[in-house]
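Heads up: the structure comes next, in structure tokens.
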Amino acid sequence: MSAPKKTSRRSLLVTSAALSSLALTAPVALAAPSPSTSPSATPPANMSSVGGARLGQPGTQVNLGSGAPVLPKDVTARSWIVSDAESGEVLAAHNAHWRLPPASTMKMLFADTVLPKFPSTQKHKVVPSDLAGMGAGSSMVGIKDGETYTVRDLWLGVFLRSGNDAVHVLSAMNDGVDNTVKEMNAHAEELQALDTNVVTPDGYDAPKQVSSAYDLTLFARSGLQKKDFRAYCSTVRTAFPGETKKGKKGKSVRDSFEIQNTNRLLSGDSDVDVYQGIAGVKNGNTTNAGATFTGVAERGGRVLLVTVMHPEKNEHNEVYKETAKLFDWGFKAAGKATPVGALVAPKSAQASAQPGANPSGQAGGSGDTSGTKAAVDPAGGRSGGMGVALAITGGVLVLLAAAAFLVNRRWPLPDLVRRRTRP
């Protein structure tokens, strides 16, 4: 669905300057002590410090500058983070690297990994094996065995209805669930999302499947560089192909039915207004994870990402209410609160600053700088690497790497943002 044109935007030079200042002052990241992939009941005393030492500390991290509002006091989430999507500045965080079950927010990593592989118009006829292995009680969009769907249909099912059936069909097209999980873990490492361990591509509860508010934000930031990703996650409602039936005179007829986005900040609900400037991204909810959500919104030329994991307050749509409060704070505090850390660039973007990088910005050979393909470091295995904190550190190399990532992504805001007023 199309969005109105953007009327204002900070210049690339201003953003680069802000990012450069942050990179030079960011604390050196220290390695976390090989964390377990089992989620803990309380935040560990020592967590990964990817993105800055403050982000590895338990509790709320914020530096309120002159004129910055205080944080909302009724946010009960176990973990959350507020960041500037363009500069990567982390404005505030609470247990940012706490490794928790992610639920369907894991689908952001799934989409960022698999979406570039198949054209949206490609068709696929579903066979029984495509739908095998889904967890009991999985959320589904309603895919039927024997029916044919376009890749676009399947992705809309993933983003709007969080359909595990759509995830499994796309995984089958991608050489199976096991291969997809392997690629997702490799891509997470390329993004330096080292709190993440993928077990199921759909985010369904599984032993040792964890991520963090920090990592989920990295997934959203990377995915939003892809035009199709932005289009799917910002779609409020659409028609989805139904089941083929025999119509009049024996002719086959295939009707469609409407599906609506379950992101309540985008579609609204009885107790939640549509959030002004919202543009996606993905929600989730399982028994172990509770409610999880990552959202992106724009106001006044500033784009913020907010991730909230497992609010303790047990009220309807609480995850959206707490996200909206953090968005409100972030837009008021931006430019006033001193950042407490940064969203790191992918390994490939940092490597682009190394000697021998070609004009495309990648080290050695020709490369895709569009952000649609990840260059995974084959030496960066996950054995022990999940606790290794690779982060932005002070120095020219990191400054150049971050700047290269900024230039490569060129956030196309006109079709990212959905400016929608509250009802």
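The values are calculated or read from the model by the stated rules, or taken from the named source; none is laboratory data. Not measured: the values here are computed from a predicted model. All Cβ positions, glycine included, derive from the backbone under ideal geometry; neighbour counts span all protein chains shown.
Structure above, values below:
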| quantity | calculated |
| --- | --- |
| In segment 44-60, the residues that are among the aliphatic types (A, V, I, L, M), within 20 Å of the chain's Cα centre (by Cα) and within 11 Å of residue 340 (Cα to Cα) | 55 |
| Residue check, residue 335 out of contact with any Phe, Trp or Tyr (no Cβ under 8 Å at 6 or more places or on another chain) and surrounded by fewer than 23 Cβ atoms within 10 Å (Cβ to Cβ) | yes |
| Residues within segment 48-77 that are crowded, with 20+ Cβ neighbours inside 10 Å, in contact with an Asp or Glu (Cβ under 9 Å, 6 or more places away or on another chain) and closer than 21 Å to residue 322 by Cβ, tallied | 2 |
| Within segment 117-149, tally of residues that are acidic (Asp, Glu) and within 19 Å of residue 204 (Cβ to Cβ) | 1 |
| Failed item, numbered, when residue 149 is tested on (1) more than 24 Å from residue 253 (Cβ to Cβ); (2) touching a residue at least 60 places away in the same chain (Cβ under 8 Å) | (1) |
| Odd one out for residue 177 among (1) modelled with pLDDT of 95 or more; (2) at positive phi | (2) |
| Single unsatisfied condition, residue 253 versus (1) more than 20 Å from residue 138 (Cα to Cα); (2) of a type in the set (A, V, I, L, M, F, W, C); (3) touching a residue at least 12 places away in the same chain (Cβ under 8 Å) | (3) |
| Some residue of segment 193-200 being within 14 Å of the chain's Cα centre (by Cα), of a type in the set (S, T, N, Q) and over 16 Å from residue 115 (Cα atoms) | yes |
| Residue match in segment 241-256 (condition: touching a strand residue (DSSP E or B) at 6+ places or on another chain (Cβ under 8 Å) and buried (at least 18 other Cβ atoms within 10 Å of the Cβ)) | yes |
| Every pair of residues 6+ apart whose Cβ atoms lie under 7 Å, when the first sits in segment 217-232 and is over 12 Å from residue 305 (Cα atoms) and assigned to a helix (DSSP H, G or I) while the second is aromatic (Phe, Trp, Tyr) and at pLDDT below 90 | none |
| Qualifying residue in segment 297-314 (condition: surrounded by 14 or more Cβ atoms within 10 Å (Cβ to Cβ), modelled with pLDDT of 95 or more and over 29 Å from residue 92 (Cβ atoms)) | no |
| Listing of helices (runs of 4 or more DSSP H) fully contained in segment 79-173 that carry 3 or more residues being within 17 Å of the chain's Cα centre (by Cα) | 107-114, 151-161 |
| Candidates 295, 242, filtered to the one that is touching a residue at least 24 places away in the same chain (Cβ under 8 Å), more than 22 Å from the chain's Cα centre (by Cα) and assigned to a strand (DSSP E or B) | 242 |
